[in-house]
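The values are calculated or read from the model by the stated rules, or taken from the named source; none is laboratory data. Here the structure is a predicted model, which means the values were calculated and not measured. Using ideal geometry, Cβ is built from the backbone for each residue, glycine included, and neighbour counts are taken over all protein chains shown.
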Amino acid sequence: NAGVTQTPKFRILKIGQSMTLQCAQDMNHNYMYWYRQDPGMGLKLIYYSVGAGITDKGEVPNGYNVSRSTTEDFPLRLELAAPSQTSVYFCASSPDLGTATNEKLFFGSGTQLSVL
Amino acid sequence: KNEVEQSPQNLTAQEGEFITINCSYSVGISALHWLQQHPGGGIVSLFMLSSGKKKHGRLIATINIQEKHSSLHITASHPRDSAVYICAVLTQGGSEKLVFGKGTKLTVNP
């Protein structure tokens with residue numbers, strides 16, 4: 001019953017460093033998402049993927065990159081970390097986001113990232 | 001103006017009270033999610049609605065598509081219900097996307 005596994009839970013980066021946030025799901029979901037949550041703000045979509053080999057930008061993609069080589073994994077890469085990227089990052093997945101009434105979102109436990 | 005507005009922003013209740021959290025949206029949607037985020041940060045999906053009403057235990061979610069409004073009700077509230085409740089809508093159109101409200105912070109006191 002792993003669901004969505006997100007690592008690491010916490011990370012401190014220096015300005016200009018790079019890192020990869022890992023996300024894996026074992027539910028064979030097609031849709032996967034990366035969100036960031038800033039204090040007092042709603043979750044903002046960074047990137048999403050509707051299946052292996054397919055990714056697209058969300059609302060706030062600048063400074064990030066993603067890949068989706070398998071159905072299970074959807075890593076998020078920060079190339080040159082900046083203080084503005086200090087946030088809590090959530091990965092999520094769903095089998096489909098059409099009009100099916102029983103589809104839910106599944107979230108990872110979050111990564112608290114500080115860029116100093 | 002945000003596409004998804006939640007009210008109230010903060011809500012404090014006494015144990016046992018009936019709670020209502022509201023969500024209004026300004027865009028066409030195909031579905032609406034209610035999510036719960038506990039103090040530890042984890043986010044759990046409570047409901048996905050495209051019409052009518054859903055019930056799970058003490059939680060009830062309703063949606064009125066014509067009014068562009070949804071409510072989340074908690075009956076017989078308990079301190080363990082203390083969390084941030086987030087409304088998110090799945091927009092219609094060429095590329096569906098989820099748009100999130102800022103959340104309602106609920107505190108239930110014993």
Would a scan of region B:48-65 turn up a residue that is surrounded by 13 or more Cβ atoms within 10 Å (Cβ to Cβ), of a type in the set (Lys, Arg), touching a Ser or Thr at 6+ places or on another chain (Cβ under 8 Å) and modelled with pLDDT under 90?
-> no
Residue tally, condition farther than 30 Å from A:Leu113 by Cα, of a type outside the set (Asp, Glu) and without any contact (Cβ under 8 Å) to a residue 60 or more places away in the chain, over region B:60-88 | 15
Result of the Cβ filter at 7 Å on region B:1-16, keeping first residues that are away from chain A (no Cβ under 13 Å) and partners that are assigned to a loop (DSSP other than H, G, I, E, B) and of a type in the set (A, V, I, L, M), at least 6 apart or interchain, is B:Gly16/B:Ala76
When region A:28-53 is checked residue by residue, the ones that are more than 10 Å from chain B (Cβ to nearest Cβ), closer than 21 Å to A:Ser69 by Cβ and out of contact with any Gly (no Cβ under 7 Å at 6 or more places or on another chain) are A:Asn28, A:His29, A:Met32, A:Trp34, A:Ser49, A:Gly51, A:Ala52, A:Gly53
Do any strands (runs of 3 or more DSSP E) lying entirely in region A:1-99 carry at least 1 residues that are among the polar types (S, T, N, Q), in contact with a Cys (Cβ under 9 Å, 6 or more places away or on another chain) and in contact (Cβ under 8 Å) with a residue 60 or more places away in the chain, and which ones are they?
-> A:4-7, A:19-25, A:87-94
Set B:Gly57, B:Gly41, B:Gly52: member being more than 14 Å from every other protein chain (Cβ to nearest Cβ) and without any contact (Cβ under 8 Å) to a residue 12 or more places away in the chain = B:Gly57
Across region A:89-107, what is the number of residues that are modelled with pLDDT of 95 or more and within 10 Å of another protein chain (Cβ to nearest Cβ)?
-> 1
